[in-house]
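The structure appears right after this line, and notes come after that.
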Amino acid sequence: AFYHAFNGPGWINNTYWLDDSVSYCSWYGVVCDEFNVSTTKLDLGNNGLTGKLGQKITELMAGLPKLETLDLKGNDIKGTIPDEIRFLSRLSKLDLSRQKQGLVGKIPKGISQIVHLSVLNLGGNKLDKEIPSAISNLEELK
């Protein structure tokens, strides 16, 4: 669903995506733990992804319980950042910066519930300037 939601066939590099003959840990931009079981990183920045970051996609990514890094910078992802982003509870790095048309709307308060977040980059978008005060409670944020 992620692949199709962000126009996977049009990506700059989609090596092995949806190839059943290899582990998803071999797909371009996917990094797994040392046991090659759980996805810990999605690094698909500057890769031509287009689409909308909606509730369903965020809930799908929440099905990756060990996801620590989500790097989608420099693509063409539209819409708002859904409050369901809070379900990505293990994230330490979230980079949604520099979307071509720009993410819009408010920065969701749910981000403040991602307690291990140390890197948050939303720059280069068209988000409201107001930052939820609860984000200041993220003790690991640099």
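Values computed for the structure shown
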quantity: Ranked by how many other beta carbons lie within 10 Å on average, peptides 9-18, 68-77, 130-139 from highest; calculated: 68-77, 9-18, 130-139
quantity: For segment 1-26 and segment 80-142, distance of Cα centres in Å; calculated: 25 Å
quantity: Mean accessible surface per residue for the chain, computed with a 1.4 Å probe while every protein chain stays in place, in Å²; calculated: 53 Å²
quantity: Per-selection Kirkwood Rh - segment 28-89 (Cα, Å, 1 d.p.); calculated: 12.2 Å
quantity: Highest-fluctuation residue, LYS129, LYS56, LYS78 considered, GNM on the chain with Cα pairs under 10 Å; calculated: LYS129
quantity: Label-point separation, VAL31 to LYS78 (7 Å along Cα→Cβ), nm; calculated: 3.1 nm
quantity: Accessible-area composition of the chain, carbon plus sulfur, in percent [1.4 Å probe]; calculated: 50 percent
quantity: Debye log10 I(q)/I(0) for segment 67-142, one point scatterer per Cα, at q = 0.23 Å⁻¹; calculated: -1.09
quantity: Sequence ranges 105-111, 20-26, ranked by mean other-Cβ count within 10 angstrom, highest first; calculated: 105-111, 20-26
quantity: Overall Cα dimensions of segment 1-128, principal axis frame, Å, largest first; calculated: 44, 31, 22
quantity: Full-extension gain in nm, GLN101 to SER133, via 0.36 nm per residue minus C-alpha separation; calculated: 8.9 nm
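The values are calculated or read from the model by the stated rules, or taken from the named source; none is laboratory data. Treat the numbers as computed from the prediction; the structure is a model and nothing was measured. Cβ atoms come from the backbone with ideal geometry, glycine included; neighbour counts cover every protein chain shown. For accessibility, only protein heavy atoms count, side chains too; no ligands or nucleic acids. Shrake-Rupley method; radii C 1.70, N 1.55, O 1.52, S 1.80 Å.
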